[in-house]
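The values are calculated or read from the model by the stated rules, or taken from the named source; none is laboratory data. Just so it is clear, the model here is predicted, and its values are computed rather than measured. A quick note on method: Cβ atoms are made from the backbone with ideal geometry, for glycine too, and the neighbour counts reach across all protein chains shown. Heads up: the accessible areas ignore ligands, DNA and RNA and are worked out on the full protein's heavy atoms, side chains in. Shrake-Rupley method; radii C 1.70, N 1.55, O 1.52, S 1.80 Å.
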Amino acid sequence: MVLFSRVYSLAAIVAWFLSMSASAQPDVLRRFNGPDLLSRCGGPGERCCRPRGALSGSASSEQLVNCKSGLGCDLVSETCQAPCGAAGQVCCDGPETRAPRWTSDGKVYVPTGPMVREMCADSACVPETRRCQANCGLRAEDACCGPQPGIAQASCLSPSLYCDFTPDSHFERGTCRACGLEGQPGCPRGRACADKLVEDPNGTCVACGEVGQRVCENYPRCRGESAPHPATGATCVPAGRVNQPCLSDGTCIYSVCNPKRICEACGFPHLPCCRFRANSCLIGQCGGGFCYSCGHIGERPCGNNQCFTGKVYDNGICGYESEGSQPPHGGSGGSQPKCCFVPTSDSSGRIGAMHTCGPQCP
């Protein structure tokens with residue numbers, strides 16, 4: 001009996017609540033913001049969702065309505081429709097777009113973030129009609145798209161365009177102009193200038209990265225045989241050679257980058273030992289203040305009498321290790337051909353060394 005009474009009471013409460021919502025639905029619905037709890041909204045063919053106190057057909061410069069993902073509100077039929085977002089279609093106003101939304105306490109906000117997309121693709125949403133406007137903001141000399149939900153002023157849709165506002169238009173009209181290329185103004189959105197260009201003090205895109213030009217914003221800031229000015233860092237100066245600044249990657253041509261980032265002639269055969277490297281050599285071994293090649297056929301052994309390709313003969317020269325410890329070509333140890341490292345460079349001028357034997361060796 002008690003159980004039946006509890007069930008009956010619950011059923012009575014539900015019936016009373018539904019009867020009240022049917023007789024006074026506007027008052028009940030105004031208690032909620034977002035999708036209504038007693039009347040479905042936001043889905044395909046369903047009515048558009050509105051915040052508390054907003055009535056259908058109310059005049060507003062920016063109709064505050066929402067639908068679910070992939071849908072947009074048609075203000076004429078007051079229903080959520082798909083497709084949306086293309087020119088001539090209703091603006092998409094789901095949670096994945098920048099359509100203004102509202103919180104439970106009535107505060108309006110515009111969603112942001114890398115995954116949020118515009119209400120219209122390749123067009124602009126006109127707030128008064130909630131339709132995507134075509135033929136605006138796509139190309140240079142197109143009319144700018146007018147203000148839209150989330151964007152308070154006229155704008156262009158491409159990052160390579162900017163809106164040149166019409167005088168006295170209160171930033172609501174203008175013409176799209178090209179930007180970002182050499183001789184053009186820098187773009188206000190995204191990267192200001194194209195690759196190998198940078199904005200000058202006047203806001204114009206100019207060439208950068210070569211000797212005598214401004215440094216680029218992105219790496220490498222200077223290209224080729226150049227580097228940022230050691231003192232100002234504003235322009236590119238010759239670099240990479242002896243007594244010049246080191247290149248941007250910290251290397252030098254036919255020299256070594258020292259701690260002061262100046263290219264110093266040292267560290268390779270026939271060049272002085274590098275003092276800033278504890279009198280060491282990048283190739284070979286230091287002796288008498290100079291680097292010499294060692295360890296190969298016809299050369300002196302490196303430290304600890306080390307030869308890379310053979311053994312040490314009695315005369316202190318590296319030779320071939322063969323049966324009976326005989327020098328190559330049947331000669332004596334002292335008659336072996338002279339061998340050495342010959343400096344080489346790659347296509348960029350980076351220094352290297354090639355081991356060879358012959359009269360070119362000192």
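Specify whether the C-alpha gyration tensor of segment 96-238 places it in the rounded, prolate or oblate class, a ≥ b ≥ c being the square roots of the eigenvalues: rounded for a/c under 1.5, otherwise prolate if a/b is larger than b/c and oblate if not. Write out the running numbers ahead of the final one.
On the way: a/c = 3.09, a/b = 2.08, b/c = 1.49.
Prolate.
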**Asked** How much FRET efficiency would the formula 1/(1 + (r/R0)^6) give for Tyr219 and Glu141, where r is the Cβ-Cβ distance and R0 is 30 Å, rounded to 0.05?
**Response** 0.30
**Request:** Keeping every protein chain in place, order His170, His229, His296 by accessible area at 1.4 Å, biggest value first, i.e. largest first.
**Result:** His170, His229, His296
**Prompt:** Taking the Cβ-Cβ separation of Phe290 and Asp200 as r and a Förster radius of 51 Å, what is the calculated FRET efficiency to the nearest 0.05?
**Reply:** 0.60
**Item:** Exposure rank, largest accessible area first [Arg173, Arg241; 1.4 Å]
**Value:** Arg173, Arg241
**Asked** How big is the gap, in Å, between the Cα center of segment 152-179 and the Cα center of segment 208-266?
**Response** 40 Å
**Asked** Rolling a 1.4 angstrom probe over the protein heavy atoms, how many square angstrom per residue are accessible across segment 102-199?
**Response** 58 Å²
**Message:** If packing is taken as the average count of other Cβ atoms within 10 Å, what order do 120-133, 96-109, 174-187 fall into, highest mean first?
**Reply:** 120-133, 174-187, 96-109
**segment 140-203 - percent relative contact order, Cα under 8 Å, separation 6 or more** = 26 percent
**Message:** If I ignore ligands, DNA and RNA and count only protein heavy atoms, how much of Val65 is accessible to a 1.4 Å probe, in Å² to the nearest 10?
**Reply:** 0 Å²
**3J(HN,Hα) from dihedral phi, segment 197-206, Karplus parametrisation 6.51/-1.76/1.60, rounded to Hz, x for glycine, proline** = 10, 8, 6, 8, x, 8, x, 9, 6, 10
**Prompt:** Within the accessible area of segment 226-298, what % is carbon and sulfur when the probe is 1.4 Å and the other protein chains stay in place?
**Reply:** 56 percent
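Show Lys68, Lys196, Lys260 ordered by accessible area, largest first, where the area counts protein heavy atoms only and the probe is 1.4 Å.
Lys260, Lys196, Lys68
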**Request:** Provide the net charge surrounding Gly174, with neighbours chosen by a C-beta distance below 13 Å and charges set as Lys +1, Arg +1, Asp -1, Glu -1.
**Result:** -3
